[in-house]
Amino acid sequence: MSSTSNTTTIGTIGAPSRRNTELALLVFAVIIPVFAYINVGLAKEDTVPAGVLGYALGLGLLAGVAHLVVRKWAPYADPLMLPVATLLNGLGLVFIWRLDQEPQITTPQLGGAMAPGQLMWSTLGVALFLGVLIFLKDHRVLQRYTYISMVAALVLLILPVFFPARFGARIWITIPGVGSLQPGEFAKIIIAIFFAGYLMVKRDALALASRRFMGLYLPRGRDLGPILVIWALSLMILVFETDLGTSLLFFGLFVIMLYVATERTSWIVFGLLLSGGGAVAVATFEHHVKTRVDNWLHPLQLLNGGVTETAQAMYSFGSGGILGSGLGQGYSRLIGGIAPKSDYILATVGEEIGLAGLMAILLLYGLLIERGIRTALAARDPFGKLLAVGLSGAFALQVFVVAGGVTGLIPLTGMTMPFLAQGGSSVIANWALVAILLRISDTARRPAPAPAPSTDAEMTQVVRP
Amino acid sequence: MNKPLRRVAIFCGLLVLALLVRVNWVQFVQADELKNDKHNRRVAIERYSIPRGNIIVGDKAVTGSTTTDSGDFKYKRTYKDGPMWAPVTGYASQAFDANQLEKLYDPILTGTDDKLFFSRTVDMFTGEKQQGGDVVTTLNAKAQKAAYDGLKGKKGAVAAINPETGAILALSSAPSYDPSSFAGMSDDDSKAYNGLLKANNADDPMLNRALRQTYPPGSTFKVVTAAAALENGLYTDIDAKTNSPLPYYLPDTAHQPLNNEGNIPCKDASLREALRVSCNSVFGKISADLGNDKMIKEANEFGFNKEHFTPVRADASVYPKDNRPQNAMAGIGQASNRATPLQMAMVASAVANGGTLMKPYMVDKLVAPNLNVLQQTQPEKLSEPLKPENAQKLQDMMETVVKTGTGQTAQIPGVTVGGKTGTAQHGEDNKDNPYAWFISYAKTDKGTPVAVAVVIEGSDTLRGDIAGGKLAAPVAKAVMEAVLDGNK
């Protein structure tokens, strides 16, 4: 009868922390990329690459430190997320380094070798991960910053409009001398914090104060206001930043969180109608979006007699087949430019480790998402639930939008594959995202403190249980 | 809040599932299509990542490979005596794909063929680079040279076959081109290639005339007509008088005569005599007497009306359904029937081989890098257009043509040569330069090693039936001599 006071969904008193499981998985998460690294070296130069020891030690050190910090500061956190993130990041580094070995796409004009930079960003990402775990003792602290988050997210989202477009989309801000930043990646987290805070307060109003119309519960105008603002904002992102991905991500994130908060299916219908209508309208008028839709419908069509990036990516996937060409032996460089390292990195994955490898990578993402939603289920406070599902949902949508775009399932958008693709903002932001999820899951899985032994209790009880 | 959360979880699961289904679609269902798409550069990169296997004639390679620094490609194809061998090898170009043997045997030459699986696996373990296999042809280098030299400066084609096996010994087309000139991918290569295209070059040098151009066969077709007469029992004795009036009027016409070339003794001439002097009236009447169906049947027996794969495709020669006057004209090769040089060489070879037509082929065997034979072509019977005794009679007739008739220029001392000349009129009112034809075979006591067909376009000065004997027969003779020399 000692557990009657425990109300958590998962943990029972004395629940295992699973830190040793995490450690064992982390060993694999480090060993696999190291083997991949050696494999590339053998394929390209017939020798074990010189940097392998440094790479192994570096990745091992990052993973080891991350593990120790989790052990100390978030001992009950989910054991799977850190290894999966480490593995994806490690493989991403290997693929970028592998593409750095192709002189045609590693010219100074294209920014030269990118693996060292990516390694630095990954280190920064892990540092931020550690920072979040150490300094964010309780995720509910974030609830205090609901409206500041809103302002910050808006600024981050609007900022790229004032910077020149790159590769046809305005999703970067360029700081001279430092480099460029994709604020959308950070906005993703901050806006999830805002939505979680806002919806936690407003969910009852949104769920209950509504009129019934044709079987659907329609919200009151004053509750609808903020939602339409978000919708308008996401459409504006689409129009002014010509980026379908970010737009889809934010609107989808909002609909998911709204649905979870209110438990009203009508929000989904409403959200889908709004986003669908908006997307179609913009796709019709915006030239840039229209081109991408055309590319999607006719992936192999020649453009001015030349093979398009889309077609090259499809050729990469097709040539990879089931088992792939082997690491270092594909020709995804034919995609050209830095695209194979960033947006199209999945094409390299598909070509070199084949359908088998690509499915494994996608399942790793699926696993990470699933653990995130599990954290939401296990979380005890509504803010934690909303934040966890928001972050995992955003992650899932991003994976879907990018992978779907590259493989031709949906029109291509300008986002990057979390952890895998080249890009500093992305890797840093996603490590922070994983850190917040770990913090929530640590809170959720931590056993409830045993009730303080009270000497009075024994005496006053007439009937012993 | 847990119920919607579970639904969100399912939704996210569906997103991942959709991705998994999609990648299976792209990398499994569509994979082969994408992999071999003509715009997928990997095909060419693969082709030139190793020195290609060679196309071999006799025991010498007529192709080679050289290293290049042109972008993605490590190697480039080279050709020895490119123009001479182009009708056999075809080309393999970094920029312009490949054709003929280079294309058909690309998997062998690049070493990716399934037949080379074992060799590849061994290479993998011994750490050797993948190697290409070789394609060994049946061609005879001396005969090919004789044919190429004979056509120099002219427009035409030569096809020579070993009648006993069907092995192709010479395959020449003039004017030719040098496949080396556009094997790479530079601007010069593009310029060379564009200069050879039919649109930019009236001579159309990339046309393989021996296999892909059909000509009116002219009087050489009389051999087929004679065969039809013998096979159908219209005449059995080649020295007996035929029922041939002079002038002979085409059937169903108002006294439209089928004229002979000059004043030759064609009235009731025997088959032997009619072939010797090339009587249009006699053979026109034979064709008319037999009728369109029987003529088509005999022509088909010789290989007309169908494509042949040597394995390089040869266009179908045609003997179509037609009305009676046209069918009579077709009997002398001067109507809607057309033949490739290869087809006419097949006609000569069937007669020479006792009436049995062997399937023409130009690839003897495929050889793995370790010299194992992967595939050996076995001679194959295609049909039997003539009974042996009729073949004997027809040989007699053709030998008379060379001994005392229009084909005397093809005589070779000490060798029995049978042949038939032809001069095909063409163009409106026959005002274009005629095609000079000669088909023949050479026989020794050791067998019948060669049958040959030569066609030369546009002999300006010679319009008479002697054009075939004057222009084409010496080339045929040179080719036959080259083969006979090698057999000594």
Item to complete: Determine whether B:VAL8 is crowded, with 16+ Cβ neighbours inside 10 Å, within 14 Å of another protein chain (Cβ to nearest Cβ), touching a helix residue (DSSP H, G or I) at 6+ places or on another chain (Cβ under 8 Å) and within 30 Å of A:SER316 (Cβ to Cβ).
Response: no
Worksheet item: Which members of the stretch B:14-31 meet the condition of being at the interface with chain A (Cβ under 7 Å from one of its Cβ atoms) and not polar (S, T, N, Q)?
Response: B:LEU15, B:VAL16, B:ALA18, B:LEU19, B:LEU20, B:ARG22, B:VAL23, B:VAL26, B:PHE28, B:ALA31
Worksheet item: Scanning the stretch A:137-155 for residues that are crowded, with 17+ Cβ neighbours inside 10 Å and among the aliphatic types (A, V, I, L, M), which turns out nearest to the chain's Cα centre (by Cα)?
Response: A:ALA153
Worksheet item: Do the conditions hold for A:SER392, that is, is it modelled with pLDDT of 95 or more and in a helix (DSSP H, G or I)?
Response: yes
Fill in: Those strands (runs of 3 or more DSSP E) lying entirely in the stretch B:329-446 with at least 3 residues crowded, with 21+ Cβ neighbours inside 10 Å
B:416-424, B:435-444
Worksheet item: How many of the residues making up the stretch A:376-427 are within 13 Å of chain B (Cβ to nearest Cβ), among the hydroxyl-bearing types (Ser, Thr, Tyr) and more than 11 Å from the chain's Cα centre (by Cα)?
Response: 1
Worksheet, complete the sentence: The condition of being acidic (Asp, Glu), in contact with a Ser or Thr (Cβ under 9 Å, 6 or more places away or on another chain), more than 14 Å from B:ALA350 (Cβ to Cβ) and at pLDDT 90 or above holds, among B:GLU384, B:GLU399, B:GLU389, only for B:GLU399
Practice prompt. Filter the stretch A:325-338 down to residues that are under 20 Å from A:LEU91 (Cβ atoms) and part of a loop (DSSP other than H, G, I, E, B) and give me whichever is farthest from the other protein chains (Cβ to nearest Cβ).
Written response: A:ILE338
Discussion item. Restricting to the stretch B:242-261, name every residue that is touching a helix residue (DSSP H, G or I) at 6+ places or on another chain (Cβ under 9 Å) and not polar (S, T, N, Q).
Written reply: B:PRO245, B:LEU246, B:PRO247, B:TYR248, B:LEU250, B:PRO251, B:ASP252, B:PRO257, B:LEU258, B:GLU261
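Per-residue answers, yes or no, for (1) within 30 Å of A:THR262 (Cα to Cα); (2) of a type in the set (A, V, I, L, M); (3) modelled with pLDDT under 90:
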site	(1), (2), (3)
B:ALA9	yes, yes, no
B:LEU15	yes, yes, no
B:VAL21	no, yes, no
B:PHE28	no, no, no
B:ARG47	no, no, yes
B:ILE50	no, yes, yes
B:VAL57	no, yes, no
Discussion item. So, A:GLY366, is that one modelled with pLDDT of 95 or more, at the interface with another protein chain (Cβ under 7 Å from one of its Cβ atoms) and surrounded by fewer than 24 Cβ atoms within 10 Å (Cβ to Cβ) or not?
Written reply: yes
Worksheet entry | Single residue of A:ILE373, A:ILE353, A:ILE322 found to be in contact with a Cys (Cβ under 8 Å, 6 or more places away or on another chain), within 14 Å of another protein chain (Cβ to nearest Cβ) and free of Cβ contacts under 8 Å to residues at least 60 places away in the same chain | A:ILE373
Worksheet item: Do we find a residue being outside any loop (DSSP other than H, G, I, E, B), away from chain A (no Cβ under 14 Å), surrounded by fewer than 18 Cβ atoms within 10 Å (Cβ to Cβ) and basic (Lys, Arg) anywhere in the stretch B:113-122?
Response: yes
Discussion item. Looking at B:ASP204, B:ASP188 in this structure, which one is part of a loop (DSSP other than H, G, I, E, B), at pLDDT 85 or above and surrounded by fewer than 23 Cβ atoms within 10 Å (Cβ to Cβ)?
Written reply: B:ASP204
Worksheet item: Got a sec? Which of B:ALA345, B:ALA328 is in contact (Cβ under 8 Å) with a residue 24 or more places away in the chain and more than 26 Å from B:THR448 (Cα to Cα)?
Response: B:ALA328
Worksheet item: Yes or no: B:LYS222 surrounded by fewer than 19 Cβ atoms within 10 Å (Cβ to Cβ), at negative phi and either modelled with pLDDT of 90 or more or of a type in the set (D, E, K, R) (or both)?
Response: no
Worksheet item: Does at least one position in the stretch A:302-318 carry a residue that is more than 27 Å from A:ILE361 (Cα to Cα), modelled with pLDDT under 80 and either part of a loop (DSSP other than H, G, I, E, B) or more than 12 Å from chain B (Cβ to nearest Cβ) (or both)?
Response: yes
Worksheet, complete the sentence: (1) buried (at least 24 other Cβ atoms within 10 Å of the Cβ); (2) within 12 Å of chain B (Cβ to nearest Cβ) all hold for A:LYS341 apart from (2)
Discussion item. I need the full set of residues from the stretch B:79-101 which are in a strand (DSSP E or B) and over 23 Å from B:ALA143 (Cβ atoms), in order please.
Written reply: B:ALA92, B:SER93, B:ASP97, B:ALA98
Worksheet item: For the stretch A:401-418, which residues satisfy the criterion of being in contact with a Phe, Trp or Tyr (Cβ under 8 Å, 6 or more places away or on another chain) and under 21 Å from A:THR123 (Cα atoms)?
Response: A:PRO418
Worksheet item: In the set A:LEU273, A:LEU258, A:LEU235, which member is in a helix (DSSP H, G or I) and either closer than 18 Å to A:PHE194 by Cα or within 14 Å of chain B (Cβ to nearest Cβ) (or both)?
Response: A:LEU258
Worksheet item: In the stretch A:32-40, is there at least one residue being out of contact with any Lys or Arg (no Cβ under 7 Å at 6 or more places or on another chain), within 16 Å of A:ASP100 (Cβ to Cβ) and exposed (fewer than 15 other Cβ atoms within 10 Å of the Cβ)?
Response: no
Practice prompt. Would you point out which residue out of A:ASN89, A:ASN39 is more than 27 Å from A:ILE436 (Cβ to Cβ) and touching a residue at least 40 places away in the same chain (Cβ under 8 Å)?
Written response: A:ASN39
Worksheet item: Say we look at the stretch B:32-51 and pick out the residues that are assigned to a helix (DSSP H, G or I) and in contact with a Phe, Trp or Tyr (Cβ under 8 Å, 6 or more places away or on another chain); which of these is farthest from the other protein chains (Cβ to nearest Cβ)?
Response: B:ALA44
Discussion item. Every residue in the stretch B:87-99 that is surrounded by 24 or more Cβ atoms within 10 Å (Cβ to Cβ), at pLDDT 90 or above and not hydroxyl-bearing (Ser, Thr, Tyr), please.
Written reply: B:PRO87, B:VAL88, B:ALA92
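The values are calculated or read from the model by the stated rules, or taken from the named source; none is laboratory data. Remember, it's a predicted structure, so these values are computed and weren't measured experimentally. Neighbour counts are summed over all protein chains in view; Cβ atoms, including those assigned to glycine, are modelled from backbone coordinates with ideal geometry.
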